[in-house]
Amino acid sequence: MLKAINKGIEGLGRWAEFSIRVFKTFTSKGVSSTSLVEQMYHVGVRSLPITIVSGLFVGAILAIQINLQLKDFGAQTFLGGLSTSTTLRNLGPVLIAFLLSGRVGAFTSAELGTMAITDQLNAIRCLGMDPVEKIVVPRLVALTCSSFLLLILGLGMTVVGGVVISSAHLGVNPIQFSQNISLFVSSWSIGIGVVKSFLFGLMIGTISCFFGYHTAGGARGVGRAVKRTSVATLVSIILMDFLVSTALESLKTFFEIMANS
Amino acid sequence: MRNNEQRVLFLGFEALLSPIRLFATSCRVLVFSIVNIRLHGREITNQMFESAVLSLPIILFSLTIVSLMSILEFSWHMKLVLKQDALVPGFSMVLMVREVAPVVTAMLLTSRVGASIAAELGFMKVTEQLDQLKLLSVSEVEYLVIPRWVGCVFASITLTLASLVTSICVSTGIASRFMNYQPHEFFNTLFVFTKAFDLGGGLLKAFCFGTIIPFVSCVCGLSCQGGSRGVGQAATRAVVQSCLFIIFADFFLSYWLWTF
């Protein structure tokens, strides 16, 4: 038990060290635009279908569940506002980020892991270049940016999914659905969704690059790296969700107190 | 370009169909040869331990935070709509039982168990251990797939129940700390809206997700090709496809169980 906790803390420290090293390389040396564009294509454009589909379905599922609870009270007029607000603030970013972490994070960690196993990273080192600069930085920047953009697209698609399912099967037409949205969803809620998306993107990027870069032990090691990446990203997404919500809520209360006094 | 699109479409269909084919094969093995099937008991208990017991800490930790979040968010929304939070416990419990507990548990199981199944079977395939099994005339469905299926279904159902218990404890604690509830008062209003049917539906969802994960991952692992790169790709594909199938299944089950 104690050993496991020790190991976890050690891993956390090594992850932080690795991230700092990558960011230092990024700020001092920059990133070459051709490899950045290539990585953005591989990671971002090719994950578009999965993001759109998952966004639609997540929105539809939440609309169905919230409709069931409101129907008993005859409060279906609130359906649009409530389901949009719940999805944007909390469950939407988390569920879409789960899917993206599988698609994007596990993909990158498998690719980097294969490079590490087949000594391609060492070959780059032999040629006198820094593998962090050439391989890791473009991937991490591309991952962070494209996860951020994809998450925001996915959040938009959840609204579409909610509208479609409620007008098709729940008897709430799109106008009724959208009437209450402005009542519930303030710009602050959207801001929470956006901040969460950015941080989730950052977590997916750094964690998958960290586990991929430090892969050892043949084909079995690559599998292990992928498994560790997906577990670590999921847990960190949930943890981040909680921390960001709490921090932003207390910030909001602080602002309100400042405005009132 | 057109050719490429056709290939992508074909691959998509294959990804959809091959887990179903493997599922049908396993069912056939289970049903038609129930007399002379060799259930590898040691393997089954191993897989139960691997997927249920070893995933317990991470799932309990995550579900603690998720239920904490969901109760705070619910009280925020209720205050916005009704200007009070008397109905919070009932509502959040319904959403927890029907939706959050099975889905989040299944997603975490996918990343832990699904990826490791695909990586393990992919590694066995790459190192030709599967061919050796064939030489020893050990059926891979009997020896590899069915134990993982049993273990994963067991893990999914028990962990969903465990996460429900966790969420009840956590939300009681949070409500009595932050929302001016007495614990017994909160506990009494917790099950106002939850019926036995909801719990049954949640467990049915858990069973379906527990079936989806091992079959999709086994197909990805067994069809893995090309060394260490192939193993990584197999694990990635297992995670992505299981997550997608889980979301689809969740949508259809929610619709079928509760809308009609």
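Tabulated data for the structure shown
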item: Calculated Rg and Dmax of the protein assembly as shown using C-alpha coordinates, Å; result: 23.4, 81
item: Radius ratio Rg over Rh of the stretch B:1-110, counting only Cα atoms, Kirkwood formula for Rh; result: 1.19
item: Values of log10 I(q)/I(0), in the order q = 0.19, 0.24 Å⁻¹, for the stretch A:122-222 under a Debye, Cα-only, solvent-free model; result: -0.98, -1.20
item: Taking the convex hull of Cα positions in the stretch B:75-200, its mean projected area over all directions (nm²); result: 10.1
item: Between the stretch B:47-100 and the stretch A:161-186, the alpha-carbon center distance in angstrom; result: 25
item: Long-range tail of P(r) for chain A (Cα pairs > 28 Å, %); result: 43
item: Too-long pairs where the Cα-Cα distance tops 24 Å, listed order kept, from A:252/B:79; A:7/A:196; A:71/B:83; A:3/A:196; result: A:7/A:196; A:3/A:196
item: Under the Debye formula (equal points on every Cα, no solvent term), log10 I(q)/I(0) of the stretch B:41-259 at q = 0.08 Å⁻¹; result: -0.34
item: Among A:171, A:105, A:162: highest mean-square fluctuation, GNM of chain A, C-alpha pairs under 10 Å; result: A:171
item: Positive-end extreme of charge dipole, the stretch A:101-143 - chosen from A:106, A:132, A:120 (charges on Cβ); result: A:106
item: Inter-chain Cβ neighbour average for residues A:163-170, partner chain, 10 Å; result: 1
item: Chain B: relative contact order in percent, alpha carbon pairs under 8 Å with at least 6 residues between; result: 31
item: Averaged over B:111-124, number of beta-carbon atoms from partner chains that fall within 10 Å; result: 5
item: Nearest-20 debye value, the protein assembly as shown charge dipole, Cβ charges on Lys, Arg, Asp, Glu; result: 580
item: Cross-link partners of residue B:125 among lysines (Cα-Cα below 23 Å; sequence separation of 8 or more within a chain); result: A:227, B:134
item: Order by protection proxy (mean Cβ within 10 Å, highest first), peptides A:221-233, A:28-40, B:42-54, A:46-58; result: A:221-233, A:46-58, B:42-54, A:28-40
item: Length-normalised contact order for the stretch A:34-260 - Cα pairs under 8 Å, 6+ apart - percent; result: 34
item: Residues in the stretch B:199-213 reached by a label modelled at residue B:54 [backbone nitrogen below 20 Å; 7 Å Cα→Cβ]; result: B:210-213
item: Electrostatic dipole magnitude of the stretch A:34-260 [Cβ: Lys, Arg +1; Asp, Glu -1; Cα centre; debye, to 20]; result: 380
item: In degrees, nearest ten, helix B:56-82 long axis to first principal axis of chain B (Cα); result: 40
item: For residue A:7, net neighbour charge (Lys/Arg +1, Asp/Glu -1) across residues whose Cβ lies under 13 Å away; result: +2
item: About the Cα centre, charge dipole magnitude for chain B (Lys/Arg +1, Asp/Glu -1 at Cβ), debye; result: 220
item: Neighbourhood charge, 13 Å Cβ-Cβ cut-off, centred on residue A:225 and excluding it, Lys, Arg +1 and Asp, Glu -1; result: +4
item: Segments A:200-209, A:135-144 sorted - mean Cβ within 10 Å per residue, highest first; result: A:200-209, A:135-144
item: A:84, A:118 arranged by Cβ crowding within 10 Å, fewest neighbours leading; result: A:118, A:84
item: Most mobile of A:153, A:183, A:88 in a GNM of chain A (Cα contacts under 10 Å); result: A:183
item: Principal-axis tilt of helix A:137-168 within chain A, Cα atoms, nearest 10 degrees; result: 20
item: Per-bin percent of Cα-Cα distances, the stretch A:27-146 [5 Å]; result: 2, 10, 16, 15, 13, 10, 8, 7, 6, 5, 3, 2, 1, 0, 0
item: Global geometry of the stretch B:172-260, whether rounded, prolate or oblate, following the gyration tensor of its Cα atoms and the 1.5 cut on a/c; result: prolate
item: Ellipsoid equivalent to the stretch B:159-200 - semi-axes via the Cα gyration tensor, in Å; result: 20, 13, 6
item: Gyration tensor (alpha-carbon) shape descriptor, the stretch A:83-176, a/c threshold 1.5; result: prolate
item: Centre separation in Å (Cα based) which lies between the stretch B:180-199 and the stretch A:70-146; result: 36
item: Nearest-ten-degree value, helix A:33-43 long axis tilted from longest Cα axis of chain A; result: 60
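Since every read-out is calculated from the coordinates, none of them should be taken as a lab result. Everything numeric here is computed off the predicted structure, so don't read it as measured data. Glycine also receives a Cβ, built like all others from the backbone with ideal geometry; neighbour counts cover every protein chain displayed.
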